Every structure is written in C-alpha cells, then in structure tokens.
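The values are calculated or read from the model by the stated rules, or taken from the named source; none is laboratory data. A quick note: this is a predicted structure, and the numbers were derived from the prediction, not measured. Here the Cβ positions follow ideal geometry from the backbone for every residue, glycine too, while neighbour counts run over all protein chains shown.
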Amino acid sequence: MRFQTLAAWLNWLETLHPRVIELGLTRIQAVFERLELTKPAPYVITVAGTNGKGSCVALLEAVLLAGGHRVGCYTSPHLLTFNERIKINNQPVTDSLLCEAFAYIDLKRAEISLTYFEFITLAALYLFQQHALEVVILEVGMGGRLDAVNIIDTDLAIISGIDFDHMDYLGNTREAIGFEKAGIMRVGKPAIYGGDDIPKSILSYAEQLGIPLYYKGRDYCYEINSTTWQWQAGAQQLTDLPLPKLPTPNAATVLQAHQLLPARLQVSQNLIKNCLAKTRLMGRFHRLSLANDATLLVDVAHNPQSCALLAQRLQAETCTGTTYGLVAMLADKDIKNSLQPLLPVIQQWFLAGLQVTRGGSAKLLEECLTQLGCTHYLSFENVAAAYYQLINQVTSHDRIIVFGSFHTVGAVLALHSNEI
C-alpha cells in the first residue's frame, strides 16, 4: 500500500494528474474495466443540475432508507470530512475502507493517470459493489455528459435545474449547459427536470432518444399553503404535506422521482411525510446557536441562482437587528452576480480570502461590491479572522449569514464546533 493514512492518500491524489479538472470518460472507463467493476446496485439514480442536487439526494436517500432499503450515496464536495462523500446506509465509510479502495485502484490503474474526482469516483463504485446495495444514488460533480459518474448507466436521471456555473467547461448559455447535463439520460429510462423554464436542449435530447421526460408544470405541479403544501401528478395527489426543511422545488422533484421508482422501492405516504418534515442537509440554510443568542446561518450558495434563493429565504424572516454577511468565494465563480441579490438583505459585509486551490481574495470581493455601489464592508485575510471578529461584535438581535462556497461553510462549521 502506497500510504497508510487517508490524509496522505488525499494529499497525493491532488498531485496525481497534471490538471485539477479534465472532463472525459476515457481514463476512468479504462480503469473501471481493469477493476472488473459492474453496475454498483440493481437500481441507480443519477442526479445532475446547477443547484439543488444535494437536497434531492438527501431526501431520496431518506425516503429509500425509511422503506428499509440498502442505499449508497456518492456526493461532492464535503463540508467537514472527506468520508461524507461516500455513504452506505447513511453512514460515511471508514478511513480504512477508503485506504483499501485507493490502494486497489492505484494497483490496477498502473500507467493511467486519473484526476482526483475520477479516482474517488472509482473508490465509491468499488465500495458500493462490495456491500450488496439495492439502490445507489450518484451526484454528478460537474456537467453530466463527460462527468466521471456517467460511466454508469442510470435507471432514473434527475436534473434539478439549470443556471450559470462552471461556464469555462460547460458553455456560457443555458442551452449549452442543459445539453451537458442531459448527457446523464439513457434510452428507455425515465428522466425528470425539476427547474423552471426547461432548456430546449434537454427537450430535444430526450425527444431524439425517445426518453420519457417529466417536468414541472406539464407532468407535475405543487402548491404551497400557509403551513402545508400539496403535490399532484395526473390523478396522483398528495395533500397536507408538511413544509420541507429543504427547498420545496427539490422536494417536489423527489416526489416525482418516487412515483417513477419500481413498486418494490416505493414507500407509504406517511413515511414520505415524515421524511419531508425531518430531513435536513448540513450547510443548506443551516441554523447554528451562538452564546450571545445571535442568529448564525450557513449556506453553501455560490452562484447567482442559489444566492437569489438565499436572499428570498432571508427576506422571508424577521430580523430586528443587523444582518451581517460573511462571504468567501472561489475566484472562478460569477462573484458580482452572486452578491447582487443579497445587497438589499445584508447591511454589513465581512469579506474573507479563501486559501484553497482556485480560492478568491478579499480584494476580489471588494472590487465586485464596489462595482455594485456597496461600501459597507470589512476585509480579512481568511474566514477564521472574519468569523472571530464577527461573533464577538454581534448582539442577540443580529443575524449572520455565511455563504459563498462549500469551503467557506466548512471552515465556519469547524470553527463553531470547536467552541461548543
């Protein structure tokens, strides 16, 4: 075995391939065959989309587990520990299992260079195959057509929605991005589009291949009341549903997915209601407690669409004090258009540099806010410095929203956990 610890393996994986991101299936397919891997479970669900993938995966996982099924989930990125990315029956896999998987893949790949994401995707598929699972849920890392998880033929494809992100790789129009996401669909297997305004590229892709495609407004709809909501698809109707802890559009997408599952995997309406009421996802409008009773919210919003949703959720809540925004972002994101929706909500900005690969500086954030006409900000070298100053100055009537990147939220979650 090349290394004895998970940390050593992960450090090495970051240097293995000359490019951090290199889309394409040739390398991973070759190693997949050398590993003699097959489909990781009898039923596979693949989830793509610009935003909302994690919420869809979490709720699908909860529903399937509530029905007593054995479920594997592969997601990215992680917030606190790498192990979060690969879960078996809602439990992150152990360091020892990951090290074993990495060692086997390293042996079999021989001369083939793999990206970080390709290597860990193979580890997930290897571990899933060892655990006799009934369902595996695969979250697409980027795009779809050329993403590593797309070496697996899906039984149900979900595209949570399309907006602008990763444009250097996926194209700079919704139609181009939609085409890349549509690549996870398979002939004869159902697909769902959960967003608004479905791109024509997705419609034409499904039509050309004869894929049964379901989407909001035509095949299913939902209506939110004051304390409940209802969902309908044709003659099938679910009423008096508890308002979900996760965004309702994603919950509605999952209800459509549930209807398309084989009968053996479907669960009762009572179990669905229980999952809607209880399923949460770390880092998604995630509320934390502070010693001085100020409100601390963390959210992984990092592009214009997700930040607009975050602004809506903040505006729907009452805050009698000041709303502070702690933000750090990757340099290659659409920073200006991500910050803009939050200008009416945040009164004081705390800008932090992000010391990771592709991390943006506080100076970059300053420039974007200045262009938007905002001058109410303070800048810090890193997230920790901004966080500690902020929590020491807020009062019980104030609230803090931390957003901009999984790295930002992960850092604050770690700092917060160290205090309690």
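So, in the range 6-16, how many residues would count as being out of contact with any helix residue (DSSP H, G or I) (no Cβ under 7 Å at 6 or more places or on another chain) and closer than 17 Å to Leu80 by Cβ?
Within the range 6-16, residues that are out of contact with any helix residue (DSSP H, G or I) (no Cβ under 7 Å at 6 or more places or on another chain) and closer than 17 Å to Leu80 by Cβ number 1.
Taking the range 383-416, which residues are in contact (Cβ under 8 Å) with a residue 40 or more places away in the chain and of a type outside the set (A, V, I, L, M, F, W, C)?
Listed by number, the residues that qualify are Tyr387, Thr395, Ser396, His397, Asp398, Arg399, Gly404, Ser405, His407, Thr408, Gly410, His416.
Could you run through the range 377-420 and say how many residues are assigned to a helix (DSSP H, G or I), under 19 Å from Ala301 (Cα atoms) and of a type in the set (S, T, N, Q)?
Residues flagged as assigned to a helix (DSSP H, G or I), under 19 Å from Ala301 (Cα atoms) and of a type in the set (S, T, N, Q) within the range 377-420 amount to 1.
Matching residues to (1) of a type in the set (S, T, N, Q); (2) modelled with pLDDT of 95 or more; (3) touching a Leu at 6+ places or on another chain (Cβ under 6 Å); (4) part of a loop (DSSP other than H, G, I, E, B):
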residue	(1), (2), (3), (4)
Gly24	no, no, yes, yes
Ile28	no, yes, no, no
Leu37	no, yes, yes, yes
Ile45	no, yes, yes, no
Ala58	no, yes, yes, no
Ala62	no, yes, no, no
Leu65	no, yes, no, no
Gly68	no, yes, no, yes
Gly72	no, yes, yes, no
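Looking at Ile192, Ile162, which one is more than 30 Å from Asn89 (Cβ to Cβ) and aliphatic (A, V, I, L, M)?
Numbers: Ile192 fails: more than 30 Å from Asn89 (Cβ to Cβ).
Every option except Ile162 fails the conditions.
Can you say whether Arg313 is out of contact with any strand residue (DSSP E or B) (no Cβ under 7 Å at 6 or more places or on another chain) and in the same structural domain as Asp163 (by TED's automatic domain parsing), as far as the supplied structure shows? Let's see the steps before the verdict.
Values: out of contact with any strand residue (DSSP E or B) (no Cβ under 7 Å at 6 or more places or on another chain): yes; in the same structural domain as Asp163 (by TED's automatic domain parsing): no.
Against the criterion (out of contact with any strand residue (DSSP E or B) (no Cβ under 7 Å at 6 or more places or on another chain) and in the same structural domain as Asp163 (by TED's automatic domain parsing)), Arg313 does not qualify.
Here are Ile184, Ile177, Ile192, Ile198: which of them is assigned to a strand (DSSP E or B) and among the hydrophobic types (A, V, I, L, M, F, W, C)? Don't jump to the end; show me each part of the working.
Working: Ile184 fails: assigned to a strand (DSSP E or B); Ile177 fails: assigned to a strand (DSSP E or B); Ile198 fails: assigned to a strand (DSSP E or B).
None of the others qualify; the one that does is Ile192.
Here are some conditions: (1) part of a strand (DSSP E or B); (2) more than 29 Å from Ile401 (Cα to Cα). Arg264 meets all but one. Which one does it not meet?
The failed condition is (1).
I'm trying to understand the selection: among the residues of the range 129-176, which are surrounded by 17 or more Cβ atoms within 10 Å (Cβ to Cβ), of a type in the set (A, V, I, L, M, F, W, C) and modelled with pLDDT under 95?
Result: Met142, Ile162, Phe164, Leu170.
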